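Participant: Have a look at the structure that comes next, please.
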Ligand code: FES
Ligand code: MG
């Protein structure tokens, strides 16, 4: 009765002390689902399905799932779907990032605990793809990432609308009084009209492109729109690829290497991709013990051109990117900068892939490396006494006129303080000031929300001010834009210098020198440090996941992953954190 090979339902058995009985028992229960005995002997491709009524981006997953199953059957495997947590970006409080690690643990443990020989990961919305890749990396079972694909754009009058850069653009106009109540209500129903992920090069699209670059997704699949029939074909092909990996395994540990991670960084920079992706890539690579250094990112940034003309950096949308040539065209332009011996779940190397005929490329959307949109990468890390372990600025989405500037700090001590005062007509602020937000980092009560895109105070926005220097330990949506310094590390709520900034202090920003300095002398900072008290509720006063998070979450430069999820299980304390 026992299979020679420990695969399919005979894999990883519950130990009742009698192996044959365990197989017998499991097959008996599986037989209750109507499987024939022949089917029960097949190897299994698990399908991690993150469909949820709270995830509008994944609403087509039921149909996509059928295509994946078809592909698995075609490859001789038995497809078995299982649910995991889903993270619908806009529905989660206090912020979706807090639950990314939970989803990664769910994914990892369910891959390991249940009998499967390979797995297809169905995700798409911002945090789901990093969570699945982190989990799959730690489980190290052959895994294919199938992304949801982007939404299609919609229309408002003569303008194209795509979530969610246009959400922000119109909301900004509404705040400035340029758009009426009626118009903003009308636009609300037009911003997101199909299934799929945000229609611009936000976090979801950036992570889809990174998954393809890392080799976890099949070539050419990152940008296929959610509602295009090609997306279903990608589902079928992903199922087939996973089934093939049962006989010819390619494990995440073969995909995730120093070289593939560096390729992914290049791609992130060339896309003008989301700032969140640097945190996620750091966390994914960290599961294999690979460090993403911000100093190295800066070196790559200086030599990687921005090639993709998509919002929020440029003007087009993901569907345009797909029809313009997608990731294949971007990788081909970057070819001289990439490591070509990295692998993909297709079984081919990146070099093999780039031998193929590029096909049509729309140069309005994907520029040649010789004629880039910008000669340098979209992201830059800043260092200095305000951010000893780094901060991130998306220079491609920022106003260059603010790049070399000294300004007076206007400090908001929390999100609540910001909400209470930012639109106060008496707020003492000018467009030359630097807005500073504290207590919005990973260990703060707010859990590092996408609040780094501080709203321009209404008294200034109504005068036409569109951008100001804004500094915080928070994140920013991948669809946002502005001169925004994010992920300041160490964060303010654990004693970082950001927490010591006071109204009226001078801060100096230099993108050229990659510096961010608080111009307050050390003696004064020491005095403030001695008086400083953390606003964080002590971890031991919390319970459940909230407590686990407070105790375990690492800083942004370590991907905000958990210390216990690192390959060697090191702790934050061992790393010299508090
Ligand atoms: Fe799901 Fe933007 S809300 S990708
Ligand atoms: Mg987003």
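Please treat every number below as a calculation from the coordinates, not as lab data. Just so you know, these numbers come straight off a predicted model, no measurement behind them. Don't worry about glycine lacking a Cβ; one is built from the backbone with ideal geometry, like all the others, and counts go over all protein chains shown.
Participant: Can you give the FRET efficiency to the nearest 0.05 for residue 417 and residue 66, using r as the Cβ-Cβ distance and R₀ = 45 Å?
Facilitator: Rounded to the nearest 0.05, the efficiency is 0.35.
Participant: Pull up the DSSP beta bridges for the chain and report the antiparallel fraction as a percent, rounded to 5.
Facilitator: 45
Participant: Once both axes come from the Cα atoms, what is the angle between helix 97-113 and the longest principal axis of the chain, in degrees from 0 to 90, rounded to 10?
Facilitator: Once rounded, the angle reads 10 degrees.
Participant: When every alpha-carbon pair in the stretch 407-466 is counted, what percent end up more than 16 Å apart?
Facilitator: 42
Participant: I'd like the orientation of helix 61-74 relative to the chain: the angle between its Cα long axis and the longest Cα principal axis, in ° from 0 to 90, rounded to 10.
Facilitator: Once rounded, one gets 40 degrees.
Participant: Kirkwood Rh and Cα-based Rg: tell me the resulting Rg over Rh for the chain, rounded to two decimals.
Facilitator: Here Rg/Rh amounts to 0.99.
Participant: Report, in whole Å, the centroid distance computed from the Cα atoms of the stretch 156-222 and the stretch 274-348.
Facilitator: 20
Participant: Sort 535-547, 510-522 by packing, meaning the average of other beta carbons within 10 Å per residue, with the highest value first.
Facilitator: 510-522, 535-547
Participant: Mind checking the angle between helix 165-175 and the chain's longest principal axis? C-alpha axes, 0 to 90 degrees, to the nearest 10.
Facilitator: Helix 165-175 sits at roughly 30 degrees to that axis.
Participant: Here is a follow-up. Relative contact order, percent, of the stretch 418-552 when contacts are C-alpha pairs under 8 Å separated by at least 6 residues?
Facilitator: Relative contact order, the stretch 418-552: 20 percent.
Participant: With N denoting the number of residues in the stretch 245-324, provide Rg(C-alpha) divided by 2.2 N^0.38 Å, to two decimal places.
Facilitator: With N residues counted in the stretch 245-324, Rg over 2.2 N^0.38 Å equals 1.27.
Participant: Of all DSSP beta bridges located in the stretch 379-531, what percent are antiparallel, nearest 5?
Facilitator: 60
Participant: In deg cm²/dmol, rounded to 500, what helix-only [θ] at 222 nm does the chain give when every DSSP H run of at least 4 residues adds -39500 (n - 2.57) and the total is split over its residues?
Facilitator: -10000 deg cm²/dmol
Participant: Given R₀ = 35 Å, FRET efficiency for residue 296-residue 458 by Cβ-Cβ distance, to 0.05?
Facilitator: 0.30
Participant: Considering the Cα trace of the stretch 320-417, what is its radius of gyration and what is Dmax, both in angstroms?
Facilitator: 19.6, 56
Participant: For the peptides 390-400, 477-487, 164-174, what is the packing order when you average, over each peptide's residues, the other Cβ atoms within 10 Å and list the highest mean first?
Facilitator: In descending order of packing, they fall as 477-487, 390-400, 164-174.
Participant: Tell me the label-point distance for the pair residue 74, residue 515, using the 7 Å Cα-to-Cβ offset, in nm and rounded to one decimal.
Facilitator: 5.8
Participant: Report the relative contact order of the chain, percent, no decimals, based on alpha-carbon pairs under 8 angstrom and at least 6 residues apart.
Facilitator: 13
Participant: Further, regarding this structure: Going by C-beta contacts inside 10 Å, put 475, 155 in order with the fewest on the left.
Facilitator: In order of increasing Cβ crowding within 10 Å: 155, 475.
Participant: Give me log10 I(q)/I(0) at q = 0.32 Å⁻¹ for the stretch 506-555, Debye formula, one equal scatterer per alpha-carbon, no solvent.
Facilitator: -1.11
Participant: So for the stretch 98-241, Kirkwood radius off the Cα pairs, Stokes-Einstein at 37 °C and 0.692 mPa s: how many µm² s⁻¹?
Facilitator: 199
Participant: While we're here: Using the eigenvalues of the Cα gyration tensor, what equivalent ellipsoid semi-axes result for the stretch 32-176 when each is taken as the square root of five times the eigenvalue, whole Å, largest first?
Facilitator: Those come to 35, 18, 11 Å.
Participant: While we're on this one: Using 0.36 nm times the number of residues separating residue 545 and residue 348, minus their current alpha carbon distance, what extension gain do you get?
Facilitator: Net length gain for the segment: 66.9 nm.
Participant: Stokes-Einstein diffusion coefficient for the stretch 71-147 at 4 °C in a medium of 1.567 mPa s, Rh from the Kirkwood formula over Cα pairs: what value in µm²/s?
Facilitator: 101
Participant: Where both partners of a DSSP beta bridge lie in the stretch 109-170, what percent of those bridges are antiparallel, to the nearest 5?
Facilitator: Of those bridges, close to 40 percent are antiparallel.
Participant: OK, next. Given the Cα-Cα distance of residue 364 and residue 193 and 0.36 nm per residue of separation, how much length would full extension add, in nm?
Facilitator: Full-extension gain reported as 59.0 nm.
Participant: Just subtract the alpha-carbon distance of residue 259 and residue 426 from 0.36 nm times their residue separation and send over the number in nm, one decimal.
Facilitator: In short, 54.8 nm is gained.
Participant: Below 8 Å between Cα atoms, with a sequence gap of 6+, how large is the relative contact order for the stretch 268-406 in percent?
Facilitator: Once divided by the residue count of the stretch 268-406, the mean separation gives 33 percent.
Participant: Now, a different point. Is the stretch 379-531 best put as rounded, prolate or oblate by its Cα gyration tensor, with a ≥ b ≥ c the root eigenvalues, rounded for a/c under 1.5, and otherwise prolate when a/b is larger than b/c, oblate when not?
Facilitator: The shape class here is rounded.
Participant: Another question about this same structure. What list of whole percents do you get for P(r) of the stretch 198-265, with Cα-Cα distances grouped in 10 Å bins up to the one holding the largest distance?
Facilitator: 19, 46, 31, 4
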